[in-house]
Amino acid sequence: KAESHDDYTAVNRHGYYGAYQFNQGTWDRTARHAGRPDLAGVRPDRASPADQDLLASALLSWLGKTPWHDRCR
């Protein structure tokens, strides 16, 4: 959440959204992998903070720190 400054509504000009700066493709794949297909297609910055936290945790468990270039804390 360092890049977003803990702002769950953050949007950057490169197409990364929300507190964890997901791109849409990673968000959608993670949502399906985590058993939350209802979140696929939802723009990450428009998802609730709880859903953003859930998918960030799911992605970390699934792929480790790699999606964040090993910079997550």
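Observations
- Of all residues in region 32-43, none that is charged (D, E, K, R) has its Cβ atom under 6 Å from the Cβ atom of a residue that is exposed (fewer than 12 other Cβ atoms within 10 Å of the Cβ) and not in a loop (DSSP other than H, G, I, E, B), 6 or more apart or on another chain.
- Pair list, Cβ under 9 Å, 6 or more apart: region 48-73 residue within 13 Å of Trp27 (Cα to Cα) and of a type in the set (Ser, Thr, Tyr), other residue modelled with pLDDT of 65 or more and open to solvent by less than 100 Å² (accessible area, probe 1.4 Å): Ser57/Ala34
- All conditions but one from (1) open to solvent by less than 60 Å² (accessible area, probe 1.4 Å); (2) assigned to a helix (DSSP H, G or I) apply to Asp38; the one that does not is (1).
- Residue in region 4-52 that is farthest from Lys65 (Cα to Cα), counting only those that are acidic (Asp, Glu) and either modelled with pLDDT of 95 or more or touching a helix residue (DSSP H, G or I) at 6+ places or on another chain (Cβ under 9 Å) (or both): Asp38
The values are calculated or read from the model by the stated rules, or taken from the named source; none is laboratory data. It should be emphasised that the depicted structure is a prediction, and the values quoted were computed from it without experimental measurement. Positions of Cβ are generated from backbone atoms using ideal geometry, with glycine treated the same way; all protein chains shown enter the neighbour counts. Note: accessible area is taken over every heavy atom of the protein model, side chains too, but ligands, DNA and RNA are not part of it. Shrake-Rupley method; radii C 1.70, N 1.55, O 1.52, S 1.80 Å.
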